[in-house]
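The structure under discussion appears below in the form of structure tokens.
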């Protein structure tokens with residue numbers, strides 16, 4: 001089992017466990033998976049996974065991506081956060097990564113259409 005965090009639109013982040021198969025991650029994001037490069041999280045050993053067709057399917061937004069204090073992208077649909085090993089394989093988040101993400105996603109928000117959404121910056125966390 002892989003331990004990660006799922007962030008659903010306008011919901012609190014939740015620690016989850018899921019299987020190692022591609023279909024398990026696809027079920028969580030409810031479609032084809034796409035890796036989103038977020039430098040500030042990659043530096044912490046964290047991968048970001050989302051539905052690759054989330055915007056095309058008009059899924060509700062889950063988080064904003066910021067660069068130099070400007071929104072440059074929105075991740076729509078469920079987001080799953082995992083870690084990776086030296087070979088780039090998906091592995092469980094460790095306890096410090098879970099704590100880091102929980103604080104980030106609970107404490108950094110911008111008003112969205114239906115409520116507050118967390119934001120993640122490319123250059124680091126505020």
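Any idea how far the Cα center of the stretch 15-62 sits from the one of the stretch 74-124, in Å?
One Cα centre to the other: 10 Å.
Cβ neighbours within 10 Å, averaged per peptide: list 99-107, 40-48 in order, most packed at the top. Intermediate values should be presented prior to the final figure.
Details: 99-107: 16.0, 40-48: 17.6.
Top to bottom by mean Cβ count within 10 Å: 40-48, 99-107.
Compactness ratio of the stretch 66-117: Cα Rg over 2.2 N^0.38 Å, N = residue count?
This ratio for the stretch 66-117 stands at 1.39.
Take every Cα pair under 8 Å in the chain that's 6+ residues apart, average their separations, divide by the length, and report that relative contact order as a whole percent.
Here the relative contact order equals 29 percent.
By its C-alpha gyration tensor, with a ≥ b ≥ c as the square roots of the eigenvalues, how is the chain shaped: rounded for a/c under 1.5, else prolate for a/b larger than b/c, else oblate?
Numbers: a/c = 1.57, a/b = 1.20, b/c = 1.31.
Since a/c reaches 1.5 but b/c is at least a/b, the shape of the chain is classed as oblate.
No value in this document is a laboratory result; all are computed from the given coordinates. In this text the structure is predicted, and so the values were computed from the model without any measurement. Don't worry about glycine lacking a Cβ; one is built from the backbone with ideal geometry, like all the others, and counts go over all protein chains shown.
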